Amino acid sequence: MKLHNRLALALLLGVALGALLHPYAESPALAAVSTHVLRPIGQIFLRTIFMIVVPMVFSALVIGVYQLGRGHDLSGVAGRTLGYTFLLSGASVAIGVALVNLLRPGAGVQLAAPAGSPGVETLQQNAAAARPLSDILIELVPRNPLESAVRALDGEMLPLMVFAVVFGVAVSRLSAARAADEGGDLLLVRVLEQIFDACMRIVHFAMILAPVAVFAIVFNTAFTFGTGILATLLFYVVTVVGGLLLQQVVVYGAFLWAVARRSPLEFFRNCREVYLYAFSTASSNATLPLSLDVAERKLRLPPEISRFVLTVGSTANQNGTALFEGVTVLFLAQVYGLDLTVGQQVRVMVMSIIAGIGTAGVPGGSLPMVMIVAQSVGIPAEGMGLILGVDRFLDMCRTMVNVSGDLVIAALVSGRETGAHSSPATASSS
Ligand code: ASP
């Protein structure tokens, strides 16, 4: 059975069994199994992923920014790609955050954070220490990146991300001068790529344990709190999908129409097969060859631009993922009854945008990232166990939007580059 099916099954079994035994929650024997057998399984799974967070975030972001920044020879194409990546991801996260605040999908159920959860303390400290904006800005630039790395899982991830972004820009500048001498990419870049690959391999190891861990976490939740969680999860799925739809239809549609002067309908219709493929593979990377083909053959985008934008975008531009991360973290905050301040929500938004850049274009690539963003505002890691059971479907949906975003950016950058698409009508038929 495929992993995502096993995860969904684990979710259902966990809820069913947990709810069945919920009336006996006071039984010492059952409580002991829950605390001493199931809880450790869930914890070991979560810690296996946490273990790779720092090296993974650093290597992924440096590589992502490096790829975005090295295309100097493309006369501004790289800069505009970077600009649109931030703009569209920002719009996407803003939609998600607005929706989750409006609909409050997590408010229907109140889970207590597991006892002694370090996350809750972090949240309380963060909330207590409401600092002026100027201080927050200053602290975004780390004095000691190593110290930031050590404290990354206690809410200090953003300074580390800033360091990685600056480092990535610097590497992209170095590379222009030296890459030729080293026969392609710099050695440093290749080392970082291998660190990243090894981290992803560890995620795969963790995934072996995932079905049992999901069962354990969900069982414990339903055992302690009953079945209300299932309806809440459904509401959460609807919120994410609603946000993705708005991004796809309204935001992409508006940009295509207003900036690229293309008919959105025609554009979307031409991309149908790419959407289907992205949906079924849940991988931007796997969809890349098809997007390249459609960009040239059906959308008639200039190859020198579309090849660059789509290749970089398949790893660095993940608008749907950024939205998913923002919604998930705020949803879990609601589920755990944590009232995030506006400042904390802004932090979630910024981190989600950056995390989108660092997310690998593979199925479930964003899971470690979403854990980091959640952790940074003090959400108990157990929350991820709830999300995993429904993640595959959301992954398929967000990957579609990720890939769609890459094609839209390619069109936006090409539109200005060539100036050829002067009216929606002509563009659609070109
Ligand atoms: N599966 C997504 C992609 O390939 C990444 C993620 O959000 O997990 O674009």
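Along the charge dipole of the stretch 214-306, Cβ charges K/R +1 and D/E -1, which of A258, T224, V214 sits furthest on the positive end?
The listed residue farthest towards the positive side: A258.
Considering only L292, Y84, L174, whose Cα is most displaced toward the positive end of the charge dipole of the chain, charges sitting on Cβ of Lys, Arg (+1) and Asp, Glu (-1)?
So the residue furthest toward the plus end is L292.
Taking the Cα centre of the chain as origin, work out the dipole magnitude from +1 charges on Lys and Arg Cβ and -1 charges on Asp and Glu Cβ, in debye rounded to 20. Walk me through the numbers before you get to the answer.
Details: 26 positive and 25 negative charges, 141 e Å.
That gives the chain a dipole magnitude of about 680 debye.
If we sort 2-12, 87-97, 59-69, 27-37 on the protection proxy, mean other Cβ atoms within 10 Å, highest first, what's the order? Working shown, then result.
Values: 2-12: 17.5, 87-97: 23.6, 59-69: 25.2, 27-37: 11.8.
Going from most to least packed, we get 59-69, 87-97, 2-12, 27-37.
Once you wrap a convex hull around the alpha carbon atoms of the stretch 319-362, what is its projected area averaged over all directions, in nm²? Each step should come with its number before you reach the end.
Numbers: hull surface 12.5 nm².
Over all viewing directions, the stretch 319-362 projects a mean Cα-hull area of 3.1 nm².
Place the peptides 305-311, 232-238 in order of packing, highest mean first, counting for every residue the other Cβ atoms within 10 Å and averaging per peptide.
Numbers: 305-311: 23.1, 232-238: 18.1.
Answer by packing, highest mean first, reads 305-311, 232-238.
Can you run phi through the Karplus equation (6.51, -1.76, 1.60; θ = phi - 60°) for the stretch 371-379 and list ³J(HN,Hα) in whole Hz, with x for Gly and Pro?
5, 5, 5, 4, 4, 5, 10, x, 8
What does the chain give for Rg and for Dmax, in Å, if only its C-alpha atoms count?
Reported Rg and Dmax, both Å: 21.8, 73.
Work out how much length E304 to L174 would gain on full extension: take 0.36 nm times their residue separation and subtract the Cα-Cα distance, in nm to one decimal. Walk me through the numbers before you get to the answer.
Values: separation 130, 0.36 × 130 = 46.80 nm, distance 2.29 nm.
Length gained between E304 and L174: 44.5 nm.
Taking θ = phi - 60°, what integer Hz values does the Karplus form 6.51 cos²θ - 1.76 cosθ + 1.60 yield along the stretch 337-350, in sequence order, with x for Gly and Pro?
Using θ = phi - 60°, the values come out as x, 9, 8, 7, 6, 4, x, 5, 5, 5, 4, 4, 5, 4 Hz.
Hey, can you rank 356-366, 101-111 by average C-beta count inside 10 Å, highest first?
On the way: 356-366: 26.0, 101-111: 17.2.
Highest to lowest by the protection proxy: 356-366, 101-111.
Mind listing P(r) for the stretch 276-380? All alpha-carbon pairs, 5 Å bins, whole percents.
Answer for the stretch 276-380: a P(r) of 2, 13, 20, 18, 14, 11, 9, 6, 4, 2, 0 percent.
Looking at V238, L330, I138, which one has the Cα that reaches farthest to the positive end of the dipole of the chain (charges on Cβ: Lys, Arg +1; Asp, Glu -1)?
Comparing the listed Cα positions along the dipole, V238 ranks first.
What list of ³J(HN,Hα) couplings, whole Hz, do you get for the stretch 206-212 from phi and the Karplus terms 6.51, -1.76, 1.60, once you set θ to phi - 60° and write x for glycine and proline?
4, 5, 4, 7, 3, x, 5
Two decimals is fine: what's Rg over Rh for the stretch 340-393, C-alpha atoms, Kirkwood radius as Rh?
On the way: Rg = 11.5 Å, Rh = 11.8 Å.
Result: Rg/Rh = 0.98.
Go ahead and estimate [θ] at 222 nm for the chain from helices alone: -39,500 (n - 2.57) per DSSP H run with n ≥ 4, summed, over the residue count, rounded to 500. Intermediate values should be presented prior to the final figure.
Details: 21 runs with 322 residues, N = 430.
Calculated at 222 nm, the ellipticity per residue is -24500 deg cm²/dmol.
Coordinate-derived values only; no laboratory data. Bear in mind that the values here come from a model prediction, so they are computed numbers and not experimental data. Neighbour counts are summed over all protein chains in view; Cβ atoms, including those assigned to glycine, are modelled from backbone coordinates with ideal geometry.
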